[in-house]
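Take a look at the structure below.
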Amino acid sequence: MKAEKGFTLLEIMVALAIFATLSAAIMSASSYVLGQSARVESRLFAAWLADNHLSDLQLHPQPLTEGQTVLTLNFAQRDWRVQQRIAREPGTGLWRVELEVSPVGSSQVMQTVVQWLAVKDAP
C-alpha cells in the first residue's frame, strides 16, 4: 500500500496553535508600539506649545504680572491646559516663568518648562 501524501490533522492543529501564539504576540507588541508613539507625539506637541507660549510672552509688549494663570489653548487640533506661574526674581531684573502643559481633562503633566525672561516693565 502506498503512503498518503499530506499532513495529519494533529500536525495542522499544532501549526495553527503556533501561528495563533505568534500572531497574539505580534499584536501585543504592535499595540504597545502604537501606544508609545501616541505618548511621544503628545509630549512633542506639549513641548512645542510651551516653547510657542514662551516666545509669545517675549515678543508681545504687554508687561508681565506676578501670579498663577490657567489657560486653555488649542494646538495641533487638540485642547491643552497651560498652567503658568510668573514671579519676579529679586535683584536680577528677570522674571521666572514656569509652564506646565497637559491635555484638557487629564491631570498628567506632559511638559514642564522653566525659563527666565528679561522683560521691560510697563511705563
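Annotations
- Residues satisfying the stated conditions in region 55-77, i.e. loosely packed, with under 14 Cβ neighbours inside 10 Å and within 13 Å of PHE45 (Cβ to Cβ): ASN74, ALA76, GLN77
- Filter result for VAL101 (modelled with pLDDT of 95 or more, surrounded by 14 or more Cβ atoms within 10 Å (Cβ to Cβ), more than 22 Å from ALA118 (Cβ to Cβ) and among the β-branched types (Val, Ile, Thr)): yes
- Among (1) part of a helix (DSSP H, G or I); (2) in contact with a Leu (Cβ under 9 Å, 6 or more places away or on another chain) - the single one ARG81 does not satisfy: (1)
- Residue in region 60-69 that is of a type in the set (A, V, I, L, M, F, W, C), assigned to a helix (DSSP H, G or I) and in contact with a strand residue (DSSP E or B) (Cβ under 8 Å, 6 or more places away or on another chain) present: no
- Filter result for ALA46 (touching an Asp or Glu at 6+ places or on another chain (Cβ under 9 Å) and closer than 30 Å to VAL97 by Cα): no
The values are calculated or read from the model by the stated rules, or taken from the named source; none is laboratory data. Everything numeric here is computed off the predicted structure, so don't read it as measured data. Quick reminder, even Gly has a Cβ in these numbers, built from the backbone with ideal geometry, and neighbours come from all protein chains shown.
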